[in-house]
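The values are calculated or read from the model by the stated rules, or taken from the named source; none is laboratory data. Please read all numbers here as calculations on a predicted model, not as lab measurements. Here Cβ is always computed from backbone atoms with ideal geometry, including for glycine, and neighbour counts include all displayed protein chains. To get the accessible areas, we keep the full protein, side chains included, count just its heavy atoms, and leave off ligands, DNA and RNA. Shrake-Rupley method; radii C 1.70, N 1.55, O 1.52, S 1.80 Å.
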Amino acid sequence: MSSISLQKTPLFASLMLGSALASGCNRYEMFNVAGYEQAAFSNEADVVFLIDNSSSMTDEAADLALNFNVFIDKLTSVDENQATATLTDAVENYVAYTQQRGQFMDYRLGITTTSVDYDDGFTEGVDPGEAGLLLGDPTVMSKGDADLQEDFQRNLLCYGIAWNPNSLDYAEDDYECGDDPGGVITHEYLDCVCGDIEWDENDGSGQEEHLEAVLMTLCRSVEEPPEACYDAQSPFAETEDLVNDDFLRDDSTIVFVIASDEGDTSRRLAQGEDDISEYLDAIEAFDRRIRFAIVGPPYDPEEGSLTCNSGNATTWGVVRLRDLSDYFGGFYNYIADGTGDDDEDCEATDFAEHLEDLGDLLNNLVTAFTLDSIPDVTTIRVWIDDAEINEALPVSEDEETHMTYDNGWSYDPAQNAVVFWGEAIPDYNQNVRIYYRPLEGKPRDLPPI
């Protein structure tokens, strides 16, 4: 029987947190995981926004930029200037952590696009935003950056969206830079945000290759890319000198946020094929914790059809994206609501809600304890201190497959992790023990409690 154990005394935990805060470090080993099988806990998340930069996505991408503050609010501390000088300060910070865990999520952000075919870009080679290369200035944005929200909006609006200037309104004569755009993107607003950046020259590929772009982003972000990066169909072999410097960290969870109104047409799969095993194998070769938060075309799996298709998506292309999310874990939200195939029958959904879900996803990363072996789920038993914790019961599952639970633990096969819910979420001064029988290897009996 395998086990995972973690323990910190309240005093040691307080001192540890106080010391980490005093040093100005954003990364905390809140849980020291040890035992028969070693597993590490990290509160680091490296988030890639992978945006469909075709012309049909203008309104949705703009909505993402304008509502980005919702995401920041989910993950930003109420008090960015917490005192750390004394043990009392450390205890107060510990209390703050247990009440609002998202304050201590350490994240980095980058933006790229679904464009892998770079022939029609600014230059003949791979430009920022193409074939997995991060775009913008700075290309890597981090929690705590003074201008994080402004940098994200500028990168997305000025480098990542294929604007049609003829479709944009003009602001009132008295508009000045810094005025609230009121949810409407105008020529003047873009001129203010972008400065001397030519925002009207972005032209994304009409061939949306979500899966290939994910793979290329990973290939450009690690020191030793796996063999799949050098596939003959991939642009990486000829451009491997173009890298995403200092983006992915060793112990982070990588979260891809895909926003698109079309299905996948990646080059390694035949048109009409919905089996994405080749890409799943290629992504798994990086041996990293990866999640997908996808905002894509609404698809009814029971009927096998799209319920709204404003982007002229194919069903098999959308199935690829849904299977990607199901396999690695995360969520799949609808980019539009409606019952028809025409734009008039579809209404764009609120990106503020999608960004709030993304904030929740990142916050929940601190409640999942990854197991090193695939367990026989029926044998999992969990203790916090001296009390055995019951398995959580499902509370609800909405139409977008977001499962919620009551107090207790659940097993998430996508993460191969035990996830704690509600009042059962352990604090880092508690002893957590997880026992299970691996599906492979010599089984052992449960130890005495």
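Annotations for the structure displayed:
- The residues in the range 179-205 that are of a type in the set (A, V, I, L, M, F, W, C), open to solvent by 20 Å² or more (accessible area, probe 1.4 Å) and assigned to a loop (DSSP other than H, G, I, E, B) can be counted, and the count is 2.
- Annotation: of all residues in the range 306-323 being among the hydrophobic types (A, V, I, L, M, F, W, C) and either over 7 Å from G263 (Cα atoms) or in contact with a helix residue (DSSP H, G or I) (Cβ under 7 Å, 6 or more places away or on another chain) (or both), the one that is most open to solvent (accessible area, probe 1.4 Å) is W316.
- Leading residue by the ranking (least open to solvent (accessible area, probe 1.4 Å)) among those in the range 139-160 that are more than 16 Å from A65 (Cβ to Cβ) and without any contact (Cβ under 8 Å) to a residue 12 or more places away in the chain: D145
- Residue check for Y189: outside the structural domain of F71 (by TED's automatic domain parsing), of a type in the set (F, W, Y), free of Cβ contacts under 8 Å to residues at least 40 places away in the same chain and closer than 22 Å to M57 by Cα: yes
- Search result, residues across the range 238-250 that are in a loop (DSSP other than H, G, I, E, B) and open to solvent by 70 Å² or more (accessible area, probe 1.4 Å): E240, D241, D245, D246, D250
- Taking the range 222-237 as the range and being free of Cβ contacts under 8 Å to residues at least 60 places away in the same chain and outside any helix (DSSP H, G or I) as the test, the residues that pass are E223, E224, P225, D231, A232, Q233, S234.
- Leading residue by the ranking (farthest from the chain's Cα centre (by Cα)) among those in the range 324-338 that are part of a helix (DSSP H, G or I) and surrounded by 19 or more Cβ atoms within 10 Å (Cβ to Cβ): L324
- Among residues of the range 161-180 that are among the hydroxyl-bearing types (S, T, Y), those with a Cβ under 7 angstrom from a residue that is not in a loop (DSSP other than H, G, I, E, B), sequence gap 6+ or separate chain, pair up as Y170/T186; Y170/H187; Y170/E188; Y175/E188.
- Checking D151, D145 one by one, the residue that is under 20 Å from the mean Cα position of the chain (by Cα), assigned to a loop (DSSP other than H, G, I, E, B), farther than 20 Å from R220 by Cα and of a type in the set (D, E) is D145 and no other.
- Condition check for R291 on (1) open to solvent by 10 Å² or more (accessible area, probe 1.4 Å); (2) in contact with a Ser or Thr (Cβ under 8 Å, 6 or more places away or on another chain); (3) in a loop (DSSP other than H, G, I, E, B): one failure, at (3).
- Pick from the range 339-366, criterion in a loop (DSSP other than H, G, I, E, B) and either modelled with pLDDT of 85 or more or open to solvent by less than 20 Å² (accessible area, probe 1.4 Å) (or both), ranking: farthest from L64 (Cα to Cα): G340
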